[in-house]
């Protein structure tokens, strides 16, 4: 006959020697068995009675000349904890141990939006999220809720891990955090430092410059505390932002541009052309040049067909392509096979709401051999409104009669500049977020 472990686990709990794994086992037993819960309550009632009796008088076998033994601090604290457990268990009854289980902070997955996870890594589903388990989100986003009320939206691509005690570690990717009153102290750990909430909404982007991590953070509302290995704690308030480098230095600008992040907490979706049937998705892109600067400001042409939109991404892994300084730029998409094409759809960029780059007009050409090109279409591109940052940018469609081609060339014939900077300012040029190519 298999031995019932309930009494053994309860005894270890009363003795203060119950390990975490065994505690979880006991909680499962108590949640599923009314008889076990009744034994649990009786055991605690008896234990409490013995405690009260021991505290009120000495045992008979002790000589009156012996001084009473004091209850140690550890024991006294243990007894107080036991008393608290009894009260909760008796009041909540069958749900008591479930409530006790929740005393150990655990995040809960509230929503998953088109979430795809890396093969071989943990996959999340609505409900409790396991602690200390690395997760790699390839696409989509997830919303986490903590017992304190803190909410976190994580946007792919993202590598993260849930920590206990109202904390989350982000190794790569973007997060938007809302910590309401009562959730102060919620912490995000990153490769370059800690960000501690002081009652606020804030954003974080964790990336790299090719060798070392670079972290961006911005306060949307309220106040945060930033702590690094080389600086004292720094308080940031509404509208303030910083780039945090590998050595812990805090920069007010990232490569001469202001640090600005999108707040996914209040994102509103706009309809855009579906990517279904997009021949360009994942195809190689060739370009004679692209913008590259320190601290992860790198915008290669393969961003144009990676399926990521709306100026998303993180340092070293942005979603859009930018031409070199003072150039409109051009690129070629190789569809790897001949297709009949009749529509090209382009999504512009506002360079993360900095509004100093973007395609103002384009020329589209096709080819079968990458030598001889023929015209397809072209024309103006609308300027992306910086206020859309964090939402869905519109696509501009270019239609033409169906034509066989393998290579599609896009030339940026004019580009947008910053509305208030001098015309010769160095930070300007062409750029696009994404190109989509369709048969019809």
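Annotations for the structure displayed:
- Every residue from region 217-247 that is part of a loop (DSSP other than H, G, I, E, B) and at negative phi: 228, 229, 230, 231, 232, 233, 238, 240, 245, 246, 247
- Residues in region 387-394 include none that are closer than 22 Å to residue 286 by Cα and either under 29 Å from the mean Cα position of the chain (by Cα) or assigned to a strand (DSSP E or B) (or both).
- Condition check for residue 150: more than 25 Å from residue 242 (Cβ to Cβ) and in contact with a strand residue (DSSP E or B) (Cβ under 9 Å, 6 or more places away or on another chain): no
- Selection status of residue 362, assigned by TED's automatic domain parsing to the domain that holds residue 277, more than 29 Å from residue 206 (Cβ to Cβ) and crowded, with 24+ Cβ neighbours inside 10 Å: yes
- Condition check for residue 194 on (1) under 16 Å from the mean Cα position of the chain (by Cα); (2) surrounded by 19 or more Cβ atoms within 10 Å (Cβ to Cβ): one failure, at (2).
- Residue match in region 217-240 (condition: within 13 Å of the chain's Cα centre (by Cα), under 25 Å from residue 136 (Cα atoms) and buried (at least 18 other Cβ atoms within 10 Å of the Cβ)): yes
- Residue check, residue 281 in a strand (DSSP E or B) and either in the same structural domain as residue 307 (by TED's automatic domain parsing) or surrounded by 16 or more Cβ atoms within 10 Å (Cβ to Cβ) (or both): no
- Of all residues in region 310-331, those being closer than 28 Å to residue 342 by Cβ and in a strand (DSSP E or B) number 3.
- The residues on offer are 203, 173, 185, and the sole one that is crowded, with 17+ Cβ neighbours inside 10 Å and on the phi > 0 side of the Ramachandran plot is 173.
- Wholly within region 166-213, strands (runs of 3 or more DSSP E) carrying at least 3 residues that are more than 22 Å from residue 251 (Cα to Cα) and at pLDDT below 95: 167-179
- Residue match in region 417-431 (condition: in contact with a strand residue (DSSP E or B) (Cβ under 6 Å, 6 or more places away or on another chain), farther than 20 Å from residue 281 by Cα and part of a strand (DSSP E or B)): yes
- Region 34-47 - residue that is in contact with a helix residue (DSSP H, G or I) (Cβ under 8 Å, 6 or more places away or on another chain) and exposed (fewer than 15 other Cβ atoms within 10 Å of the Cβ) and, of those, modelled with the highest pLDDT: 34
- Qualifying positions in region 104-147 - part of a strand (DSSP E or B) and in contact with a helix residue (DSSP H, G or I) (Cβ under 8 Å, 6 or more places away or on another chain): 141
- Considering residues of region 295-309 that are in a loop (DSSP other than H, G, I, E, B) and farther than 18 Å from residue 137 by Cα only, the residue farthest from the chain's Cα centre (by Cα): 300
The values are calculated or read from the model by the stated rules, or taken from the named source; none is laboratory data. On a predicted model such as this, the values are computed, not experimentally measured, just so you know. Reconstructed Cβ throughout: ideal geometry from the backbone, glycine too, with neighbour counts over all protein chains shown.
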